[in-house]
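See below for the structure under consideration.
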Amino acid sequence: MNERNPAALTDGFHLVIEAMQLNGLDTIFGVVGIPVTDLARLAQAQGIRYIGFRHEQSAGNAAAIAGYLTQKPGICLTVSAPGFLNGMVALANATVNGFPMIQISGSSDRAIVDLQQGDYEELDQMNAAKPFAKAAYRVNRPEDIGTGIARAIRAAVSGRPGGVYLDLPAGVLSATLDADSAARSLVRVVDAAPRRIPAAESIQRALDLLAGAERPLILLGKGAAYSQADADIRAFIEQTAIPFLPMSMAKGLLPDDHPQSVAAARSYALAQADVVMLIGARLNWLLGHGRSPQWSAAARFIQIDIEPTEMDSNRPITAPVVGDIASSIAALLAMLKPGRIKPAAAWLGELAQRRQHNAQRMKERLAARPDPMDFYSALGAIAGVLADKPDVYLVNEGANTLDITRNVIDMRAPRKRLDCGTWGVMGIGMGYAIGAAVVSGQPVVAIEGDSAFGFSGMEIETICRYRLPVTVVIFNNGGVYRGDDVNRGGGADPAPTVLMKEARYEKLIEAFGGAGHYADDPQSLTAALADALAARKPALINCAIDPRAGTESGHIGNLNPQSALAPKK
Ligand code: ADP
Ligand code: TPW
């Protein structure tokens with residue numbers, strides 16, 4: 001600081017904070033260390049909320065989900081090299097899922113890094129980030145900080161949202177500059193995610209195709225949930241009477257108990273539909289790439305997506321609608337003629353029948369009382385507690401824990417279900433739970449496989465430190481997928497999929513002052529969850545599940561290659 005005239009100078013640290021605040025970015029999720037410790041400290045002093053994590057991957061996951069929930073880029077702050085790399089999985093995951101986030105990382109001296117002279121935490125971070133990010137930028141002069149933040153914001157939220165990397169070398173953060181010109185260098189981003197109005201003829205083409213359909217189906221993906229066009233999406237579905245299916249994170253966009261939901265007749269609906277309208281959902285592995293036998297070879301597709309190159313990626317799209325979902329649905333509603341789209345009565349009847357049949361089977365499974373509990377009896381108890389609490393966020397990861405929870409727990413409000421998403425990644429649990437609790441102030445229940453929990457488990461200290469209303473439910477079946485495999489070599493080591501069944505996970509949270517519960521039957525699980533939600537304080541329920549419950553890889557065993565040969569002795 002210039003002691004003769006301190007008011008006339010500012011520095012890179014302050015400029016980053018001012019650029020964020022000018023653009024309404026009010027929260028940072030991060031881990032401190034050289035060279036960003038003072039950035040976090042000053043941000044907190046200036047009124048930005050700083051949430052400090054135990055590992056950058058969780059900080060990044062919190063930022064990503066904050067971006068998904070708010071449509072503003074979530075900010076993750078990391079230190080150079082190893083901290084940067086720890087955050088990279090979360091940044092890549094955000095990009096793959098289309099969540100807007102910015103990872104801001106400090107970095108070491110470029111002159112030394114570029115000549116590989118062995119700096120502290122040396123890494124060419126910007127170039128390392130490129131393959132995993134939607135965009136990557138480096139600020140080399142303090143007067144470019146405003147532009148760097150503006151470009152990062154635009155890249156994160158415009159078009160298909162994604163993860164952006166912004167590199168801030170130590171020297172840029174600490175550099176001082178004249179306060180007046182520094183203030184002029186800041187950029188207030190106007191219309192960061194401009195609407196993309198679809199062409200009128202693309203809307204007409206889509207409506208014509210639906211009008212000629214007998215067995216139409218609408219698929220809602222997390223892009224539809226992200227777009228926050230909830231009322232119009234519901235109006236379009238109700239006015240056309242077309243049955244709909246939500247992808248997992250689109251559950252609750254219309255309530256799962258809506259009469260037009262055919263989630264309980266999913267396979268039949270996919271296989272029999274003749275015209276399918278995808279709204280913010282990709283025809284990737286989660287939808288069998290749109291191919292038969294999962295889908296009818298004769299089915300024709302309408303796809304609404306902001307990303308033009310998504311069209312025809314897996315299957316020809318007869319009626320592409322390239323636009324943002326809010327504008328596209330508004331246009332569809334405006335051009336919709338009453339009574340022109342009419343699903344065949346036979347189609348609706350068949351779906352209703354299957355739906356009812358499957359719902360009855362599910363009811364029986366949930367009511368069974370196996371001892372020890374299986375996934376269904378435990379989830380039946382949880383569903384009972386959550387039934388009248390639509391505002392609770394549900395975070396969910398694992399294999400069986402993921403697949404069965406998705407099928408059992410109904411969602412009744414949009415953007416409340418947060419899960420492994422497009423990559424099927426383990427480790428999002430605590431980061432998503434913290435991100436959702438921080439940006440919403442609402443309670444979160446994280447239903448976690450015992451293996452899945454381990455990837456981010458240390459963040460329960462973060463949950464306790466910030467006193468967040470998060471309840472972690474661990475489905476403890478003592479293993480990855482299940483807990484009863486044996487060492488095929490006959491040795492003393494546990495099998496590769498086995499974890500400690502007897503682990504008392506609830507004691508972990510007690511170490512940090514949270515409430516620990518153990519539940520081995522539906523009644524005690526109901527009581528523990530009701531208690532935890534009423535208290536609105538950090539809690540962890542160790543839920544004992546039969547080690548024999550669960551199948552390898554959950555519902556995607558078909559993707560799991562297995563050797564046909566016995567082990568060689
Ligand atoms: P899911 O996994 O739920 O099927 P995906 O992540 O595969 O969903 O697909 C989401 C799609 O939504 C992406 O192709 C993305 O480009 C698109 N998308 C995201 N936001 C918008 C928006 N506001 N308008 C239009 N499309 C969007
Ligand atoms: C980053 C591979 C997929 S599912 C899973 C693993 C390790 C855990 C399944 O066991 P869990 O659930 O959580 O106990 P359950 O109900 O089936 O018993 N590393 C990463 N991502 C993935 N997907 C894996 C490993 C995996």
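The values are calculated or read from the model by the stated rules, or taken from the named source; none is laboratory data. Note that the structure is predicted; figures quoted are calculated from it, not measured. No Cβ is skipped: glycine too gets one built from the backbone with ideal geometry, and neighbour counts run over all protein chains shown. Areas reflect the complete protein model, heavy atoms only, side chains present, ligands, DNA and RNA absent. Shrake-Rupley method; radii C 1.70, N 1.55, O 1.52, S 1.80 Å.
Using a 1.4 angstrom probe on the protein heavy atoms only, could you order Asp232, Asp493, Asp26 from most to least accessible area?
Asp493, Asp26, Asp232
Going through the cross-link list Lys251/Lys389; Lys222/Lys389; Lys134/Lys251; Lys72/Lys130; Lys501/Lys537; Lys72/Lys222, which pairs have a Cα-Cα distance over 24 Å in this structure?
Going by Cα-Cα distance, Lys134/Lys251; Lys501/Lys537 fall outside the 24 Å limit.
Under the Karplus relation 6.51 cos²θ - 1.76 cosθ + 1.60, θ = phi - 60°, what is the ordered set of whole-Hz ³J(HN,Hα) values for the range 542-559, x standing for Gly and Pro?
8, 10, 6, 10, 4, x, 8, 7, x, 10, 4, 6, x, 7, 10, x, 5, 8
Roughly how many Å² is the accessible area per residue of the range 152-192, as a whole number, for a 1.4 Å probe?
38 Å²
How much of the accessible area of the range 199-341, probe 1.4 Å, is carbon plus sulfur, in whole percent? Spell out each step's value before the answer.
Values: 2710 of 5110 Å².
The C+S portion of the solvent-accessible surface of the range 199-341 is 53 percent.
If packing is taken as the average count of other Cβ atoms within 10 Å, what order do 71-80, 496-505, 557-566 fall into, highest mean first?
On the way: 71-80: 27.3, 496-505: 14.6, 557-566: 7.7.
Answer by packing, highest mean first, reads 71-80, 496-505, 557-566.
Once you sort the root eigenvalues of the Cα gyration tensor of the range 306-355 as a ≥ b ≥ c, which label holds: rounded (a/c under 1.5), prolate (a/b larger than b/c) or oblate (the other case)?
Judged from the Cα gyration tensor, the range 306-355 comes out oblate (a/c at least 1.5, b/c at or above a/b).
Rounded to the nearest 500, what is the chain's calculated 222 nm mean residue ellipticity when only DSSP H runs of at least 4 contribute -39500 (n - 2.57) each, over all residues?
After summing the helix terms and dividing by the residues of the chain, the value is -11000 deg cm²/dmol.
At a temperature of 25 °C and a viscosity of 0.890 mPa s, determine how fast the chain diffuses translationally according to Stokes-Einstein, using the Kirkwood radius over alpha-carbon pairs as Rh; express D in µm²/s, rounded to the nearest whole number.
On the way: Rh = 25.2 Å.
D, rounded to a whole number, is 97 µm²/s.
With θ set to phi - 60° and the Karplus curve 6.51 cos²θ - 1.76 cosθ + 1.60, what are the ³J(HN,Hα) couplings of the range 422-430 in order, to the nearest whole Hz, using x for Gly and Pro?
The phi angles translate into 4, 8, x, 8, 8, x, 7, x, 6 Hz.
With every protein chain present, what is the per residue accessible area of the range 249-392 (1.4 Å probe, Å²)? Each step should come with its number before you reach the end.
Working: 6530 Å² over 144 residues.
Accessible area per residue, the range 249-392: 45 Å².
Restricting the calculation to Cα positions, tell me the Rg (one decimal) and the Dmax (whole number) of the range 268-398 in Å.
Radius of gyration, then largest Cα-Cα span, for the range 268-398: 19.2, 56 Å.
Stokes-Einstein diffusion coefficient for the range 460-545 at 10 °C in a medium of 1.306 mPa s, Rh from the Kirkwood formula over Cα pairs: what value in µm²/s?
Estimated diffusion coefficient is 114 µm²/s.
Compare the peptides 280-292, 82-94, 362-374, 409-421 by average per-residue count of other Cβ atoms within 10 angstrom and give them in order, highest first.
Ranking, from highest mean packing down: 82-94, 409-421, 280-292, 362-374.
Ile102's amide H: which non-local residues (gap 5+, or another chain) put their own amide H closer than 5 Å, with H modeled 1.01 Å from N in plane and none for Pro or chain starts?
Gly74, Ile75, Cys76, Val164
So, by mean Cβ neighbours within 10 angstrom, what's the order for 63-70, 309-316, 156-163 with the highest one leading?
63-70, 156-163, 309-316
Give me the dipole magnitude in Debye, nearest 20, for the chain about the Cα centre, with unit charges on the beta carbon: positive for Lys and Arg, negative for Asp and Glu.
Value, rounded to 20: 1420 debye.
Can you give the relative contact order of the chain as a percent, counting alpha carbon pairs under 8 Å and 6+ residues apart?
Worked out over the chain, it gives 12 percent.
Report, by chain and number, residues whose modeled amide H sits under 5 Å from the one on Phe244, excluding near sequence neighbours (fewer than 5 apart, same chain).
Those qualifying (amide H under 5 Å, at least 5 residues apart or on another chain) are Ile218, Ser261, Val262.
With a 1.4 Å probe and all protein chains left in place, how much accessible area per residue does the range 196-243 have, in Å²?
Result: 37 Å² per residue.
Please list, in order along the range 24-30, the HN-Hα scalar couplings obtained from phi with the Karplus expression 6.51 cos²θ - 1.76 cosθ + 1.60 (θ = phi - 60°), rounded to whole Hz, x for Gly and Pro.
Running phi through 6.51 cos²θ - 1.76 cosθ + 1.60 with θ = phi - 60° gives x, 8, 10, 9, 10, 10, x Hz.
Considering only the chain, what is the antiparallel percent among its DSSP beta bridges, to the nearest 5?
5 percent
Hey, can you grab everything whose amide H is under 5 Å from the amide H of Arg49? Only 5+ residues off in sequence or another chain; H modelled, so Pro and N-termini drop out.
HN-HN under 5 Å from Arg49: Thr27, Ile28.
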